[in-house]
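The structure appears below as structure tokens.
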Amino acid sequence: MKIGVLTSGGDAPGMNAAIRAVVRKALYHGCQVYGIKRGFSGLLTGEIVPLDSRAVSDILQKGGTILQSARCPEFKTPEGQAKAKAQLEKLGLNGLVIVGGDGSFRGARVLNQMGFLTVGIPGTIDNDIGCTDYSIGFDTAVNTVLDAMNKIRDTASSHNRVYVVEVMGKNSGFIAVAAGLTGGAEAILIPENPVNLDDICKIILTNAKLGKAHSIVLVAEGYYEDPISAQQSSGFRVGKYLAEKTGCDTRITILGHLQRGGTPTFFDRKLATLLGNKAVELLLDNETEKMVGIINNRIQVFPLEKALTTKKTISKQELELAGIMSSI
Ligand code: ADP
Ligand code: F6P
């Protein structure tokens, strides 16, 4: 079997571990393996390179993706899809592993409709993919936010300031809830749970009266939809409102793409290795249009369509618990 692997959408720490697992597992079973560069773009342009075992040496610990990633709108067009099909047929590739988010899985579905065996591996720091408790990169991103919160809390407590910290997540709040609960945020603002900002002001002022003069308010970037510019980012808009309404000395930190880098954690490396291994096993069994995921710490397989139509929900319990834990 000739297997291709590509990484697509926003890169995530652990994607290299997944690439390594796919390559080593496929080679172990006598397959030829090809790396497709820059997501679906490399399919269109024929940037497809054979990978041997050495090609994936010393990448397990590296963030990012050696195959690079890209957003490729052209692959949403029939012309682009025809180019991709021709490239794959020219090389005789018959199995494909797509590492990415839900958008990338829609691309995988198209490849499957073209007759290529496809298996998706959830890889996005947003962790917003259905049918899996975790996507590759989420754990590392949350730990990056926790490290930033620790550093910010040092200066916030030294100046008795309110810090609004904006985190990634596209239109979801998974990073914000996970980091808020385990980083002790005084408030967590996510698109799934819009709140009255005056209630947040009350929390800040009550804390100040009780002697807790510094606060960290975590804001998911998608709290306000479609910010037109960084000046109107969700974090900026919340920070401006809180500063004006409370009169507290307030600063705003937008963590941005820091959350996409860094060496993957043990959890992400293990998750990526197990998912890459399972993805190749499925291709070897001629399975297709599947996604591999982890549920209750067990690797499981789901139809890609189910993963695309299953909306992953925020844990309201965790959100409420975060509020209880930060109350004084
Ligand atoms: P993510 O995988 O992180 O959600 P995107 O939504 O940007 O990232 O999707 C990544 C790529 O997947 C797109 O740039 C495009 O090449 C491909 N893709 C997304 N949606 C489709 C679709 N409906 N049909 C074909 N390809 C798609
Ligand atoms: O999907 C991952 C992600 O990091 C989102 O959290 C964020 O909104 C988006 O990618 C940023 O996209 P880009 O890297 O293209 O700016």
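Of the residues F302, F105, the one with the fewest other Cβ atoms within 10 Å heads the list, and the complete ranking is F302, F105.
Angle of helix 174-183 to the longest C-alpha principal axis of the chain, folded into 0 to 90 degrees and rounded to 10: 50°.
In straight Cα distance, which aspartates and glutamates are under 16 Å from K212, not counting same-chain residues fewer than 8 positions off? Hits, sequence-local ones excluded: D154, E186, D249.
Structure remark: mean-square fluctuation, Gaussian network model of the chain, C-alpha springs under 10 Å; the largest value among G137, G107, G123 belongs to G107. Counted over the chain, the DSSP beta bridges are approximately 25% antiparallel. In the chain, the calculated helix contribution to ellipticity at 222 nm averages -13500 deg cm²/dmol per residue, counting -39,500 (n - 2.57) for every DSSP H run with n ≥ 4.
Across all Cα pairs in segment 139-260, the calculated P(r) in 5 Å bins from zero up to the longest distance comes to 2, 13, 24, 26, 21, 11, 3, 0 percent per bin. Considering only K316, K37, K209, the Gaussian network model of the chain with Cα springs below 10 Å gives its largest mean-square fluctuation to K209. Amide hydrogen proximity for Y224: with H placed 1.01 Å from N in the peptide plane, the residues at 5 or more positions away or on another chain lying under 5 Å are S234.
For K62, the aspartates and glutamates whose Cα falls under 17 Å of its own Cα, not counting residues fewer than eight places away in the same chain, are D11, D139, D268. Using the Kirkwood radius over Cα pairs, work out the Stokes-Einstein diffusion coefficient for the chain at 25 °C and 0.890 mPa s, in µm²/s as a whole number. Translational D for this selection: 119 µm²/s. Counted by Cβ distance under 12 Å from G180, the other residues give a net charge of -3, where Lys and Arg count +1 and Asp and Glu count -1. Quick check on my link table: of K151/K278; K37/K170; K202/K311, which ones sit more than 29 Å apart, alpha carbon to alpha carbon? Over 29 Å apart, Cα to Cα: K151/K278; K202/K311. If you sort the three axes of the alpha carbon gyration tensor as a ≥ b ≥ c, you get a/c of 1.5 or more for segment 48-154 and a/b above b/c, which makes it prolate. For segment 266-328, what class follows from the C-alpha gyration tensor (a ≥ b ≥ c being the square roots of its eigenvalues): rounded when a/c is under 1.5, otherwise prolate if a/b is larger than b/c, else oblate? Judged from the Cα gyration tensor, segment 266-328 comes out oblate (a/c at least 1.5, b/c at or above a/b). Couplings 3J(HN,Hα) of segment 308-314, computed from phi: 6, 9, 8, 7, 7, 10, 5 Hz, in residue order, whole Hz [Karplus 6.51 cos²θ - 1.76 cosθ + 1.60, θ = phi - 60°; x for Gly and Pro].
The value of relative contact order for the chain, using C-alpha pairs under 8 Å at least six residues apart, is 23 percent.
Just so you know, all these numbers are worked out from the coordinates, no wet-lab data involved. In this text the structure is predicted, and so the values were computed from the model without any measurement. In this analysis, Cβ positions are derived from the backbone assuming ideal geometry, glycine residues included, and neighbour counts consider all displayed protein chains.
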